[in-house]
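Worksheet for the structure shown next.
The values are calculated or read from the model by the stated rules, or taken from the named source; none is laboratory data. Everything numeric in this text was worked out from a predicted model, so none of it was measured. Cβ placement follows ideal geometry from the backbone for every residue including glycine, while neighbour counts extend to all protein chains displayed.
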Amino acid sequence: MASDRRTREYLRSLARPKAARLRVEQVVDGHLVLVRVTGELDNVTAGMLSAKLADAEAAVTPPAPVVVDLTGVNFLGAAGLSVLVEHHERCVELGGALLIVPGSKAVRRAMAVTGLDARLVLIPAPW
């Protein structure tokens, strides 16, 4: 029953405009760039995050990290996970790091089930 409810909620969310489903903001704090993500990170909204992470990578001077705060994310789909892997690899190529604050149980579970919790750099929320 809970699964049916979640499915209905997700399908209703698809009808909402992309901008209403995900908010991404970038904050430069000293040498690091913080990217705060709130909402649903799926195949519709993943491109928004990818664009912001590309901006963050351009703004940071390695070895300073790009920090992605996912504490406000309530859904993390395969497309969102792919974006995180892609930008993790890009940051490493540039001589920096992509540090991820996973936040919610849903986000941590998506990473654990896929094994990405062992591949990506996850950090606890410092706030």
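This table checks each residue for (1) within 15 Å of Thr45 (Cβ to Cβ); (2) in a helix (DSSP H, G or I); (3) basic (Lys, Arg).
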position	(1), (2), (3)
Val67	no, no, no
Leu70	yes, no, no
Val85	no, yes, no
Gly103	no, no, no
Met111	no, yes, no
message = Any residue at all in the range 102-123 that's β-branched (Val, Ile, Thr), surrounded by 16 or more Cβ atoms within 10 Å (Cβ to Cβ) and within 18 Å of Val27 (Cβ to Cβ)?
response = no
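Conditions tested, residue by residue: (1) surrounded by fewer than 22 Cβ atoms within 10 Å (Cβ to Cβ); (2) in contact with a His (Cβ under 8 Å, 6 or more places away or on another chain); (3) small (Gly, Ala, Ser).
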| position | (1), (2), (3) |
| --- | --- |
| Val33 | no, no, no |
| Gly39 | yes, no, yes |
| Asn43 | yes, no, no |
| Gly47 | yes, no, yes |
| Ser50 | yes, yes, yes |
| Ala59 | yes, no, yes |
| Val67 | no, no, no |
| Leu70 | no, no, no |
ask   = So Val44 clears everything in (1) at pLDDT 95 or above; (2) closer than 21 Å to Arg8 by Cα; (3) outside any helix (DSSP H, G or I) except one condition, right? Which one?
value = (1)
